Amino acid sequence: MKIKPIFGALLFGVLVMFSSCSDEGITPSVPEQEEEKEMTTDPESPAELVAAPDFSIKTWDGENLNFKDYENKVFVIWFFGSDCPPCKAIGPSIEEKLNKDFRGKEDYAIIGIDQWDRNDATIEGFKKTTGIDFPLGAMGSGVASDYNTTYDRLILVNKEGKIAYKADSRATNNLDDVVDLVKGLLD
């Protein structure tokens with residue numbers, strides 16, 4: 001039996017598509033993650049760093065989150081997806097290592113931004129599930145786009161308002177690196 005050229009091309013396309021899927025699986029309701037380049041730089045050389053984009057959004061409970069409120073602070077932004085299983089899994093560690101451990105520092109802040117644009121109840125559920133005590137912004141896909149990032153990523157902004165670190169993989173993979181960088185910037 002001969003395979004017609006159009007059928008062969010279609011079959012080849014399907015095989016290529018399935019062979020390129022990651023072992024993490026694909027969930028249809030989950031936005032695709034983009035490939036990013038990691039930006040690790042010397043925090044002592046702020047002139048070479050890129051300015052962090054300004055933003056102003058609301059938290060799930062109606063408070064304002066404005067970039068300008070974090071001027072002159074070492075500032076961590078965790079972009080998350082409120083229904084993202086890896087985000088829910090790493091949330092308690094982010095709370096412990098990047099919020100509780102630095103809570104008393106006047107020149108430090110952390111926020112989360114839900115880049116999946118879910119409703120307030122979903123973000124509230126995420127907050128309760130993870131035990132997170134820092135502010136969680138809602139409707140943050142535009143901010144994530146401005147930062148050229150995706151969900152489950154950590155970004156570190158130095159006191160000069162420049163991006164000192166931009167993760168290229170899940171927070172699980174670089175949480176300890178971000179903790180070390182925060183310590184270095186606060187010393």
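The values are calculated or read from the model by the stated rules, or taken from the named source; none is laboratory data. Predicted, not measured: the structure shown is a model, and the values here were computed from it. Every residue, glycine as well, gets a Cβ built from its backbone with ideal geometry; the counts of neighbours run over all protein chains shown. The accessibility values were calculated without ligands, DNA or RNA, using every heavy atom of the protein model including side chains. Shrake-Rupley method; radii C 1.70, N 1.55, O 1.52, S 1.80 Å.
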Gyration tensor on Cα atoms of the range 96-146, a ≥ b ≥ c root eigenvalues, a/c under 1.5 rounded, else prolate if a/b beats b/c, else oblate, says oblate
In Å, the Kirkwood estimate of hydrodynamic radius for the range 87-187 over Cα pairs equals 14.0
Taking amide H atoms as placed 1.01 Å from N in the peptide plane, list the residues 5 or more away in sequence, or in a different chain, whose amide H sits under 5 Å from that of Lys162.
Ala52
Going by amide H atoms built from the backbone, whose H comes under 5 Å of the H on Lys58, apart from near neighbours?
Leu65, Ala138
Grab every C-alpha pair in the range 136-183, bin the distances at 10 angstrom width from 0 up to the longest one, and report whole percents.
25, 52, 23
Which residues' amide hydrogens lie under 5 Å from the amide hydrogen of Ile113, considering only partners 5 or more residues apart or on another chain, with H built in the peptide plane?
Trp78, Phe79, Phe80, Gly137
Normalised by the residues of the range 47-161, what does the relative contact order come to in percent, with Cα pairs under 8 Å and at least six apart?
39
Using θ = phi - 60° and the Karplus curve 6.51 cos²θ - 1.76 cosθ + 1.60, what whole-Hz ³J(HN,Hα) does each residue of the range 62-77 get, with Gly and Pro shown as x?
x, 7, 8, 10, 10, 3, 4, 5, 10, 4, 6, 10, 6, 9, 9, 10
With the 1.4 Å probe rolled over protein heavy atoms, the range 119-165 has an accessible area per residue in Å² of 36
Rounded percent of accessible protein surface that carbon and sulfur make up, the range 38-177, 1.4 Å probe:
44
Relative packing of peptides 178-185, 110-117 - highest average C-beta neighbours within 10 Å first
110-117, 178-185
Using each residue's phi in the range 128-143, evaluate 6.51 cos²θ - 1.76 cosθ + 1.60 at θ = phi - 60° and report the 3J(HN,Hα) Karplus result to the nearest Hz, with x for Gly and Pro.
5, 5, 8, x, 5, 10, 9, x, 10, x, 10, 6, x, 4, x, 5
